[in-house]
1. If the reach is capped at under 24 angstrom between alpha carbons, list the lysines near K2, excluding any in the same chain fewer than eight residues apart.
2. Quick one: compute a quarter of the convex hull surface over the Cα atoms of segment 160-243 and quote it in nm².
3. Can you give me the pair-distance distribution of the chain, C-alpha pairs, 20 Å bins, whole percents?
4. Ignoring ligands, DNA and RNA, what accessible area per residue does segment 1-160 give at 1.4 Å, in Å²?
5. Would you please give the FRET efficiency between S207 and E265, computed as 1/(1 + (r/R0)^6) with r the Cβ-Cβ distance and R0 = 25 Å, to the nearest 0.05?
6. Name the residue, out of E133, E25, E122, whose mean-square fluctuation peaks in a Gaussian network model built on the chain with Cα pairs under 10 Å.
7. Could you please put D124, D303, D161 in sequence from largest to smallest accessible area, using a 1.4 Å probe?
8. Give me the percent of DSSP beta bridges within the chain that run antiparallel, rounded to the nearest 5.
Amino acid sequence: MKMIRRYAIEPRALRRWEDFRYVMEKLGFAEGRVLVALPKKWSRELLDSLGDVADIERMRFTTKLQRYRSDRIVSSGTAYDIQKTWIDNASGLEASGKVDAVLISEMSSDIAQDRRYPTPAEVDEEFFAEVREQRCLGTPENLSAAASVLLEVSSEAIFVDPYFNVASPRYLGTLAAFAQSVRMTGRCRCFVVFTKSDFLMRGGEASMRSTLERHLGRILPPGFKFQMNFIDAGSARISFHARYFFTEKGGIRYDKGFGTQQPPELVDISLIDRQLHNELLDVYRISNENLSISESWVWVSGD
């Protein structure tokens, strides 16, 4: 189950400003679409394809690409084979499930007819179909899969759930699924949880560490940090009800939080827009006194 789709776009397909602007404005973590940098120096390849355009025109592209680098372009996660064509590299990623759609240039359309990849002139709104909200079974695997792209590109992940109980198997199973995703990508190095102080464990911080070491210690890499922040809901000067997962790149709302049921029940999962994402980044800071954090517990894998 994916909330964010990956697009492989041939660099020279966007050498016209109108095509570049139309396609790139469709992308972004908040929109549920990102561009896979294929090859690694995708931006440089695009700029090289412009040829002898005027300096002002080249600067327009350069300025936008610098802005887009952090909010809608991600690594392909694989080496680019220079012995193959761009289309062969892209189709390989598509076959492996690392790319959901491919867009090619008009110059490549003749050699890609058998693959039926469109050019910018041929795409419509259906090509950029939105998947902003999905309903699925609330299994640990589905909950973590929804956030997989954000985990791939972020160093820290934040869970907001007023009922997050780390002593409960309902939540530990979900954490284990997220941890497995981290193990596969290796980028994320920290989970931060915000929950109500009602869920302080009886054995204190030592009990939390023991529980996490037992359930996650063999999954997460050494040095991975896990921090539980307990909010005194009665004293907090914020609305602490909705359940979110977010990183510095983007975020997702989990309608029923991160605890699973047996048998699994249907849950709603949706992307959050840029404005709300920015607000959440500002609110859920450890130093924010409005949160009224009563205690913060930390476990580091391998310690």
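The values are calculated or read from the model by the stated rules, or taken from the named source; none is laboratory data. Please read all numbers here as calculations on a predicted model, not as lab measurements. Using ideal geometry, Cβ is built from the backbone for each residue, glycine included, and neighbour counts are taken over all protein chains shown. Just the protein is used for accessible areas: all its heavy atoms, side chains included, with ligands, DNA and RNA removed. Shrake-Rupley method; radii C 1.70, N 1.55, O 1.52, S 1.80 Å.
1. Correct list for K2: K26, K40, K98, K249, K256.
2. So the mean shadow area of the Cα hull is 5.8 nm².
3. 31, 50, 18, 1
4. Ligands and nucleic acids excluded, the result is 50 Å² per residue.
5. So, using R0 = 25 Å, E works out to roughly 0.30.
6. E122
7. The ranking, largest first, comes out as D303, D124, D161.
8. Looking only at bridges with both residues in the chain, the antiparallel portion is about 50 percent.
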